[in-house]
Amino acid sequence: MTSTLIRPILSTANVKRLASLSLRSSSSSCYHAAAATSSSCRHQSLPNNHFVVHRHQSTSSESSSSNSDQYPTIPTFPWRHSPTPPSRLLQNDDYSGMPNNFRARFVRRLIAAKELNLNFWNVLPLPFGYAQEWEEELAGNFSVAFGLAMRELFETLFGDDGGVVYNDDQQSLSLKATLDCNHRDTTSDNTTEESFAKNDNTSIVENNNYLNLMMDQLLLQQYQHLHNNHHLPQNNNHQKMMSIHLSIKPIKAQLQNIFAVPMLTRDIVASKPHLKGGYQRLERVFKETQSYNEVKQKTYELAEEVGLDSAKRTVIAEATITCLEYFQVKDLESGRIVQGMEDGDEEEEVVHLVRFEMVTDRGEDGKREGGNWKLIDVDDLLEGNVFH
C-alpha cells in the first residue's frame, strides 16, 4: 500500500454524500447538520494526508511528582510511564464532544475516512479485532512521526550535550540529560535568569520552524521549562540537580479514534477566539432543543462566521503506541527517585496515547487534499488540546 508519509492513502467518492445519510440519533443529527451545511455552503472535494518527514526517529509517556512551587501545572519531566493508556479510552471518549454510542462513533469514523478519500467499505469493522489496512498503516505512521517529533524536540531542548541517541535499526531513542530544578528568585537580577529564559529559551523552540510543523505550539510549551532549566546561568543559588534517563522503543501501534471537524481549524479559532468550542456547542444545542432545524440554523451561523467560501475541515486521530521503556528522574544530591523507575530496573512495556490533527481542503476531481499531520497531544497532557 502507498505510504501515508508521502502520499494520499486511497481515493473515494465526494464527501457531499455524507450530508444525505439518514440519521435517527441525536449523535448523528448534530454531526450531519454541520456536514450538510459545510457541503451546501461550499462545494467540496477530498484530501491527501501527509506527515512532516524528519531526518531521525522515537515514542512517549508521563510522570507523577512535580516541583509544585516552580512549575505548578507541569511535572519535573512531563512524561507518562504506565502500562495502560488514559482511562478515557476504556470509556470510548475521543474528546470530540459528540455522543459516545456505537452508531455515533461509526458515523464520525466514516466522515473522517471520507476526508482521507476512503470509501464506506474501508470503515466497516473487521471480525476478531482485526484492523483495516489503512488503519494499521496510519497508526504505524503515527508511531514513526511521534518518534521523530520527540527526537527533534529533545535535540532542540538539550542540544548536542543532551545525550540524545537514536538507533536506526531498532527505531529506539535514548535521552540522558541534567536539569537545574532550583526555585528561581525572580526578585533578584531580572537581566540574568528571567530574561535569559524569556529571550533565549522561548525562542529556541518557537524559532524551530521544523519542530513547529511537527508539534502544536501549546504542546511544545509544556516542555519549554526543560530547556530553561538545562541552560540556566550557573551560580551558587542553583545547586539542586536532576538527571533524566529515558529510553523508548516502539513495538506496536493501534488506531483508536478518528473524527472530522467541519468548518473549524485551529488557525481559524486562533484568529477568532470566540469560535473556540463552536462545533461542540452545536451538539449542546441539539441536546437542549431536540430540534434539527435549530441545529441547522446555528450551523449556518457558524459557517457564515467562518466564511461561506471556506472548505477547510480538521481530521483528528488518536493511536496507542506500545513501547519498551525505561524512565527515571533522579535527584542527584540525595539519590532520591523523583519520577519513574529504580536504578537497575529492566525496561517495561508501557502504552502511550498520541493525538494528531490534519487540515483538509477542497481538491480536484471530487477529492479532498490534506496538509501535514501534526502532533497536538501526548498522553492527555493537554486533555486532548481541544479547540473545536
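Every number in this text was worked out from the coordinates using simple rules, so none of it is lab data. These numbers were taken from a predicted model, which means no experiment stands behind them. Note: ideal-geometry Cβ built from the backbone for every residue, glycine included; neighbour counts use all protein chains shown.
Things to note:
- At R0 = 51 Å, FRET efficiency that the Cβ-Cβ distance of residue 221 and residue 293 yields, to 0.05: 0.75
- Kirkwood Rh in Å, taken over all unlike Cα pairs in the range 278-376: 18.4
- Computing FRET efficiency as 1/(1 + (r/R0)^6) for residue 92 and residue 345, where r is the C-beta to C-beta distance and R0 is 35 Å, gives about 0.60.
- Summed side-chain charge close to residue 112 - residues other than residue 112 whose Cβ falls under 14 Å, Lys, Arg +1, Asp, Glu -1: +2
- Over 32 Å (Cα to Cα) - which of 114/298; 252/272; 272/296; 298/367; 252/296; 296/367 fall in this group: 252/272; 252/296
- Per residue, the Cα convex hull of the range 75-138 amounts to 151 Å³.
- Net charge of neighbours whose Cβ lies under 12 Å from the Cβ of residue 385, counting Lys and Arg as +1 and Asp and Glu as -1: -3
- Taking amide H positions as modeled 1.01 Å from N, with prolines and chain starts lacking one, the residues under 5 Å from residue 338 and 5 or more places away or on another chain are 329, 330, 331.
- In order through the range 102-110: 3J(HN,Hα) via Karplus (6.51 cos²θ - 1.76 cosθ + 1.60), integer Hz, x for Gly, Pro: 4, 5, 5, 5, 5, 4, 4, 5, 5
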